[in-house]
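Notes to accompany the following structure.
The values are calculated or read from the model by the stated rules, or taken from the named source; none is laboratory data. Everything numeric here is computed off the predicted structure, so don't read it as measured data. All Cβ positions, even for glycine, are placed from backbone atoms using ideal geometry, and neighbour counts span all protein chains on display. These accessible areas exclude ligands, DNA and RNA; they are computed on the full protein's heavy atoms, side chains included. Shrake-Rupley method; radii C 1.70, N 1.55, O 1.52, S 1.80 Å.
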Amino acid sequence: MSARILAFMIGPVSSAAPLDAREVEHLARLARLDLTPQEQDNLRGDLGRILGYFEQLRGVDTAEAEEMQRPVSLINVLREDVPGEVLAPEVVAALAPEREGGFIRVPRTVEQD
Amino acid sequence: MLTRMYRAVIGLEVHLQLKTRSKLFSACPADYHGADPNTFVDPLTLGLPGTLPTLNREAVDLALMFGLALNCDVTGFTQFHRKNYFYPDSPKNFQLSQYDRPIARNGYLEVGGARVRIKRAHLEDDAGKLLHPAYAPYSLLDLNRAGSPLIEMVTEADLTGGEQARAFLESVQAIAQALGVSDATPEEGKLRCDVNLSVHRPGEPWGTKVEVKNLNSFRSVERAIAYETARQTRVLQAGGTVSQDTLGWDEGGGKTFVMRTKEGEADYRYFPEPDLPPLDITPEWVARVRARMPELPAQKRERYLAAGVREADAQALSHSVALSRFYDAALVGGADPQRLAHWLLGDVAGLLAARETTLEASALQPAHLAALVRLIDEGAVSGRVAKDLLPDVLDGHDPQRLVQERGLGVLTDTGAIDAAIDAAMTADPATVAKVRAGNAKALNALFGPVMKATGGQAKPEVVRERLRAKLGL
């Protein structure tokens, strides 16, 4: 889709109804992101613009349109239960930020006893 | 007074790991049990960019089979939703689960005469496993389990006690195993149970419920229910309030504890999975799945009861795939059904347990056990001889051949029995005198030595009859 058509469809973007600081904090907590106040501020602006697009979409009259959850109307697409390949352990290990034995080391998820 | 008593209101959530060869949404092999960590992993398991899920047909069929066995509605539209959460056990940052249209709905299971309603059963993928080494500032992740297929089954709050919950879970386990849907072994984590429990006085509204998570044995479920019922009752009787917590179960301490929950608040932002087309389960599809379904434990039980097997034995046989398969094969041998069940669940089970082995691992042939029971039924060997033969029969020997080889048939030679009686009488003149003086009961003191002298091969009734004759009774 060309930028011209996209601009026609969504029009000039306004950063309407920005998120408040608490909403950004909540989202950061769910995403387990540790954000500086500056980063939170930037995100408020970015997310506000994204929400602005959706505000515009919401303005379109869809009373006559059929609800569509997926872009392609396929149904009953299945795979036979046949086992395939696994990744070589060294490939998996190389993708892990930290390792111990065959395990992937991650920040501790439960409190110490 | 009874009406003032608090009663528990219990619902269960059961996760069963499906017995497929590959994972739910990719061809990654699923048979990871006992494997080194992170060796059953493919790009989809890791949630690598560009990967797309493809649904395992067998997982759908197994879920349908399970749903049908629980008397659920399974036809019609069903789809997957993304359940978003960020946690190290799921590198793709969401679980593919079902939300508004689970694959199975509105079923029930009869347990001990009571009907437990099944709210829903849905398909979802499992997460990886986190280990938390003591004193380490980190956790360890194994992704072998990530992406393997699960059924999550949720009951209505129709259960009232631990014993009933256990019976329900045993039924679910028996059904899953009979269908080959899941190994359903709690000790391997292939059947996991969470309990929702509140207490109230009959006639009053339900109390605040707690959720007890990660119960990894039926015994734990039963104990946790007893503990929570008592604890909540105590709190309420003391005028306190039950707080709506997520609890863990401390098996060693025999008590529940408040768990820190995974998410501060549930905010999963479910949405229909765009990468997976929905399913339309047609009546033809259901018929195909139904045709694959073997006899269910409840049907087996009815069949055994009709054949004259006692209730407890019929229940035990029907709940075990291995036992019922063996028993059915042995029934063909024409032995009395109840006596066959009695031998299988009694002497055979006892000997297997003593040898720390299982029916499947032993060399015992169904036809051989049937032959052994028939030998007793026909009076060809005594019960005692049969018991003596059992260890060898368990090792794969044919009992008929053993009887022939060892000359163990019932002693029909009355001469030999008479000789044994004479010897016993000579050895115990005091008893003989008592009997002759009119004490008929004293006869029993002679009976034992005669049976012993004949190696247990003499027919007891013949020995008794000839003893009485000799002593003029």
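If we scan region B:135-149, do we find a residue that is touching a Pro at 6+ places or on another chain (Cβ under 8 Å), among the hydroxyl-bearing types (S, T, Y) and under 25 Å from B:C72 (Cβ atoms)? No - not one qualifying residue is present in region B:135-149. Number of residues in region B:424-452 that are in contact (Cβ under 8 Å) with a residue 12 or more places away in the chain, more than 23 Å from B:E378 (Cα to Cα) and open to solvent by 30 Å² or more (accessible area, probe 1.4 Å) equals 7. If you go through region B:101-131 and keep only what is touching a residue at least 24 places away in the same chain (Cβ under 8 Å) and either within 14 Å of another protein chain (Cβ to nearest Cβ) or among the acidic types (D, E) (or both), you end up with B:R101, B:I103, B:E110, B:L123, B:E124, B:D125, B:D126, B:A127, B:G128, B:K129, B:L130. Specify the residue that is surrounded by the most Cβ atoms within 10 Å (Cβ to Cβ); the eligible residues are those in region B:27-55 that are more than 7 Å from chain A (Cβ to nearest Cβ) and among the β-branched types (V, I, T). Per the criteria, the residue is B:T45.
Do the conditions hold for B:T45, that is, is it in contact (Cβ under 8 Å) with a residue 12 or more places away in the chain, closer than 15 Å to B:D142 by Cα, β-branched (V, I, T) and outside any helix (DSSP H, G or I)? In short, yes. Checking every residue in region B:388-398 against the condition of being open to solvent by less than 30 Å² (accessible area, probe 1.4 Å) and under 22 Å from B:A453 (Cβ atoms) gives at least one match.
Residue under question is A:P71, and the condition is that it be in contact with a Lys or Arg (Cβ under 6 Å, 6 or more places away or on another chain) and either within 7 Å of chain B (Cβ to nearest Cβ) or part of a loop (DSSP other than H, G, I, E, B) (or both); does it hold? It is false that A:P71 is in contact with a Lys or Arg (Cβ under 6 Å, 6 or more places away or on another chain) and either within 7 Å of chain B (Cβ to nearest Cβ) or part of a loop (DSSP other than H, G, I, E, B) (or both).
Of the residues making up region B:393-412, none is among the hydroxyl-bearing types (S, T, Y), out of contact with any Leu (no Cβ under 7 Å at 6 or more places or on another chain) and assigned to a helix (DSSP H, G or I). Can you tell which of B:A322, B:A316 is touching a Ser or Thr at 6+ places or on another chain (Cβ under 8 Å) and more than 30 Å from B:V462 (Cα to Cα)? From the options B:A322, B:A316, the qualifying one is B:A322. Only one entry in B:D89, B:D61 is part of a loop (DSSP other than H, G, I, E, B), among the charged types (D, E, K, R) and either more than 8 Å from chain A (Cβ to nearest Cβ) or over 29 Å from B:V116 (Cβ atoms) (or both), namely B:D89. Considering region B:109-128, and only residues there that are surrounded by fewer than 17 Cβ atoms within 10 Å (Cβ to Cβ) and touching a strand residue (DSSP E or B) at 6+ places or on another chain (Cβ under 9 Å), the residue that is farthest from B:V181 (Cα to Cα) turns out to be B:A114.
If you check A:A94, A:A65, A:A88, A:A31 for being among the small types (G, A, S) and within 8 Å of chain B (Cβ to nearest Cβ), only one passes: A:A31.
Does region B:71-83 contain any residue that is under 22 Å from A:V106 (Cα atoms), within 12 Å of chain A (Cβ to nearest Cβ) and modelled with pLDDT of 95 or more? Checked against the condition, which is being under 22 Å from A:V106 (Cα atoms), within 12 Å of chain A (Cβ to nearest Cβ) and modelled with pLDDT of 95 or more, region B:71-83 yields no hits at all. Just one of the listed residues (B:T229, B:T208, B:T256) is surrounded by fewer than 20 Cβ atoms within 10 Å (Cβ to Cβ) and in contact with a strand residue (DSSP E or B) (Cβ under 8 Å, 6 or more places away or on another chain), and it is B:T208. Of all residues in region B:132-152, those satisfying the criterion of being within 9 Å of chain A (Cβ to nearest Cβ) and aliphatic (A, V, I, L, M) are B:A134, B:A136, B:L140, B:L141, B:L143.
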